[in-house]
Amino acid sequence: MIVYGSHYGTAKWYAEKLGEKLGEEVVSVDSFRGAKEPVVFVSGLYAGGFKGAKTFQKRMNDTDFTLVSCGLADPKDEKTRREIERNARAAFKDWDGPLFCVRGAIDYKRLSVLHRVMMWMMKTMIVKKGLEAESEGFLTTYGSRVSFCSEDQLDPIVAYRQKNERF
(Lines give C-alpha, C1' and ligand atoms only; values in the text may rest on other atoms or scores of the structure.)
Protein backbone atom coordinates (compact mmCIF):
# COMPACT_ATOMS: atom_id res chain seq x y z
CA MET A 1 0.00 0.00 0.00
CA ILE A 2 1.10 3.53 -0.72
CA VAL A 3 -0.07 6.34 1.56
CA TYR A 4 0.38 10.01 0.74
CA GLY A 5 0.23 13.32 2.55
CA SER A 6 -0.10 16.17 0.09
CA HIS A 7 -1.18 19.78 0.39
CA TYR A 8 -0.96 20.99 -3.22
CA GLY A 9 -1.02 17.66 -5.07
CA THR A 10 2.57 16.85 -5.99
CA ALA A 11 3.05 14.08 -3.40
CA LYS A 12 -0.32 12.66 -4.46
CA TRP A 13 0.82 12.65 -8.10
CA TYR A 14 4.01 10.78 -7.17
CA ALA A 15 2.06 8.31 -5.00
CA GLU A 16 -0.38 7.58 -7.82
CA LYS A 17 2.43 7.08 -10.35
CA LEU A 18 4.26 4.80 -7.91
CA GLY A 19 1.05 2.87 -7.30
CA GLU A 20 0.67 2.33 -11.05
CA LYS A 21 4.26 1.13 -11.38
CA LEU A 22 4.04 -1.26 -8.41
CA GLY A 23 0.41 -2.30 -8.75
CA GLU A 24 -0.25 -1.11 -5.20
CA GLU A 25 -3.30 0.53 -3.64
CA VAL A 26 -2.92 4.30 -3.07
CA VAL A 27 -4.72 6.14 -0.25
CA SER A 28 -4.51 9.56 1.34
CA VAL A 29 -3.23 9.73 4.88
CA ASP A 30 -6.71 10.89 5.95
CA SER A 31 -8.25 7.68 4.53
CA PHE A 32 -5.48 5.42 5.84
CA ARG A 33 -6.59 3.18 8.71
CA GLY A 34 -3.40 1.24 9.31
CA ALA A 35 -1.57 -1.71 7.81
CA LYS A 36 -0.06 -4.98 8.91
CA GLU A 37 2.43 -5.04 6.06
CA PRO A 38 5.11 -2.41 5.38
CA VAL A 39 3.88 0.57 3.37
CA VAL A 40 5.34 3.49 1.44
CA PHE A 41 4.60 6.96 2.79
CA VAL A 42 4.95 9.71 0.16
CA SER A 43 4.79 13.07 1.86
CA GLY A 44 5.25 16.68 0.94
CA LEU A 45 7.91 18.41 2.98
CA TYR A 46 6.77 21.88 4.04
CA ALA A 47 9.00 24.10 6.18
CA GLY A 48 10.69 21.05 7.68
CA GLY A 49 7.49 19.13 8.41
CA PHE A 50 6.05 16.15 6.58
CA LYS A 51 2.40 16.53 5.60
CA GLY A 52 0.27 14.05 7.54
CA ALA A 53 3.18 12.62 9.55
CA LYS A 54 1.41 12.63 12.92
CA THR A 55 -1.75 10.99 11.57
CA PHE A 56 0.30 8.44 9.64
CA GLN A 57 2.35 7.46 12.70
CA LYS A 58 -0.71 7.07 14.91
CA ARG A 59 -2.21 4.61 12.43
CA MET A 60 0.95 2.64 11.63
CA ASN A 61 1.05 0.57 14.84
CA ASP A 62 4.84 0.10 14.63
CA THR A 63 4.67 -1.29 11.08
CA ASP A 64 7.76 -0.66 8.96
CA PHE A 65 7.55 1.91 6.21
CA THR A 66 9.57 3.50 3.47
CA LEU A 67 9.53 7.30 3.40
CA VAL A 68 9.45 9.26 0.16
CA SER A 69 10.06 12.96 0.74
CA CYS A 70 8.67 15.32 -1.88
CA GLY A 71 9.99 18.86 -1.86
CA LEU A 72 11.04 21.74 -4.05
CA ALA A 73 14.74 21.77 -3.12
CA ASP A 74 17.09 19.52 -5.09
CA PRO A 75 17.83 16.40 -3.00
CA LYS A 76 20.95 15.77 -5.09
CA ASP A 77 22.53 18.69 -3.25
CA GLU A 78 24.40 17.24 -0.25
CA LYS A 79 23.31 19.97 2.18
CA THR A 80 19.67 19.60 1.10
CA ARG A 81 19.81 15.82 1.49
CA ARG A 82 21.24 16.12 5.01
CA GLU A 83 18.46 18.58 5.91
CA ILE A 84 15.78 16.20 4.60
CA GLU A 85 17.32 13.34 6.61
CA ARG A 86 17.41 15.53 9.73
CA ASN A 87 13.75 16.46 9.26
CA ALA A 88 12.82 12.80 8.74
CA ARG A 89 14.57 11.73 11.96
CA ALA A 90 12.84 14.55 13.85
CA ALA A 91 9.37 13.74 12.47
CA PHE A 92 9.64 9.94 12.77
CA LYS A 93 11.46 9.37 16.05
CA ASP A 94 11.94 5.58 16.04
CA TRP A 95 11.95 5.09 12.30
CA ASP A 96 14.99 3.58 10.61
CA GLY A 97 13.56 2.61 7.22
CA PRO A 98 14.66 3.61 3.75
CA LEU A 99 14.39 7.25 2.66
CA PHE A 100 13.94 8.32 -0.94
CA CYS A 101 13.64 11.91 -2.13
CA VAL A 102 11.80 13.22 -5.16
CA ARG A 103 11.75 16.77 -6.39
CA GLY A 104 8.37 18.45 -6.60
CA ALA A 105 6.70 21.56 -7.94
CA ILE A 106 5.28 24.89 -6.86
CA ASP A 107 2.72 27.32 -8.18
CA TYR A 108 2.82 30.51 -6.13
CA LYS A 109 -0.66 31.51 -7.33
CA ARG A 110 -2.11 28.39 -5.67
CA LEU A 111 -0.36 28.87 -2.33
CA SER A 112 -2.42 29.70 0.73
CA VAL A 113 -1.96 33.16 2.18
CA LEU A 114 0.06 31.70 5.05
CA HIS A 115 2.38 29.82 2.71
CA ARG A 116 2.83 32.90 0.50
CA VAL A 117 3.78 34.95 3.54
CA MET A 118 6.22 32.26 4.66
CA MET A 119 7.85 32.21 1.22
CA TRP A 120 8.06 36.01 1.15
CA MET A 121 9.71 35.99 4.59
CA MET A 122 12.21 33.38 3.41
CA LYS A 123 13.00 35.42 0.30
CA THR A 124 13.48 38.56 2.40
CA MET A 125 15.82 36.72 4.78
CA ILE A 126 17.89 35.30 1.90
CA VAL A 127 18.22 38.70 0.23
CA LYS A 128 19.28 40.37 3.50
CA LYS A 129 21.86 37.68 4.31
CA GLY A 130 23.25 37.55 0.80
CA LEU A 131 22.86 34.96 -1.91
CA GLU A 132 24.12 31.50 -1.02
CA ALA A 133 24.49 28.80 -3.64
CA GLU A 134 21.56 26.73 -2.34
CA SER A 135 19.34 29.85 -2.21
CA GLU A 136 19.90 30.72 -5.84
CA GLY A 137 17.32 28.18 -7.02
CA PHE A 138 14.77 29.49 -4.56
CA LEU A 139 15.20 33.06 -5.72
CA THR A 140 15.15 32.04 -9.38
CA THR A 141 11.78 30.32 -9.02
CA TYR A 142 10.23 32.71 -6.47
CA GLY A 143 6.77 33.90 -7.48
CA SER A 144 6.45 31.60 -10.47
CA ARG A 145 5.12 28.19 -11.40
CA VAL A 146 7.75 25.50 -11.77
CA SER A 147 7.78 21.73 -11.79
CA PHE A 148 10.68 19.35 -11.36
CA CYS A 149 8.34 16.32 -11.32
CA SER A 150 9.40 13.29 -13.29
CA GLU A 151 8.35 9.66 -13.14
CA ASP A 152 12.02 8.77 -13.58
CA GLN A 153 12.61 9.89 -9.99
CA LEU A 154 10.53 6.88 -8.90
CA ASP A 155 12.85 4.35 -10.57
CA PRO A 156 15.08 3.82 -7.49
CA ILE A 157 11.98 3.17 -5.36
CA VAL A 158 10.61 0.67 -7.87
CA ALA A 159 14.01 -1.05 -8.08
CA TYR A 160 14.22 -1.20 -4.30
CA ARG A 161 10.73 -2.70 -4.09
CA GLN A 162 11.52 -5.31 -6.71
CA LYS A 163 14.72 -6.26 -4.88
CA ASN A 164 13.09 -6.31 -1.43
CA GLU A 165 9.76 -8.08 -1.34
CA ARG A 166 8.94 -6.41 1.98
CA PHE A 167 9.79 -2.77 2.55
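Here are the numbers:
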quantity	calculated
Dipole-positive endmost among 55, 111, 87 within the stretch 29-122 (Cβ charges, Cα centre)	111
Principal axis dimensions, the chain - Cα atoms, whole angstrom, descending	49, 29, 28
Distance between modelled label sites at residue 76 and residue 31, nm, 7 Å Cα→Cβ extension	3.4
Environment charge at residue 60 (Cβ cut-off 13 Å; Lys +1, Arg +1, Asp -1, Glu -1)	+2
Members of 51/93; 12/109; 12/129; 12/76; 54/76; 36/163 lying beyond 25 Å, as alpha-carbon distances in this model show	12/129; 54/76
Dipole in debye (nearest 20) - the stretch 1-78, about Cα centre, beta carbon charges: Lys, Arg +1; Asp, Glu -1	300
Calculated FRET value between residue 141 and residue 89, using beta carbons and R₀ = 35 Å, to 0.05	0.80
Sparse-neighbour loop sites [trypsin sites (Lys or Arg not before Pro); the stretch 1-71; at most 15 other C-beta within 10 Å; DSSP]	33, 36
Given charges at Cβ of Lys, Arg, Asp, Glu: the chain dipole, positive-most of 142, 19, 120	120
Solvent exposure ordering (accessible area, 1.4 Å, most first) of 20, 25	20, 25
Gain in span if fully extended, residue 63 to residue 123, counting 0.36 nm per residue against the direct Cα distance	17.7 nm
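The values are calculated or read from the model by the stated rules, or taken from the named source; none is laboratory data. Fair warning: this is a prediction, and the values are worked out from it, not measured in the lab. Quick reminder, even Gly has a Cβ in these numbers, built from the backbone with ideal geometry, and neighbours come from all protein chains shown. SASA here: full protein model, heavy atoms, side chains in, ligands and nucleic acids out. Shrake-Rupley method; radii C 1.70, N 1.55, O 1.52, S 1.80 Å.
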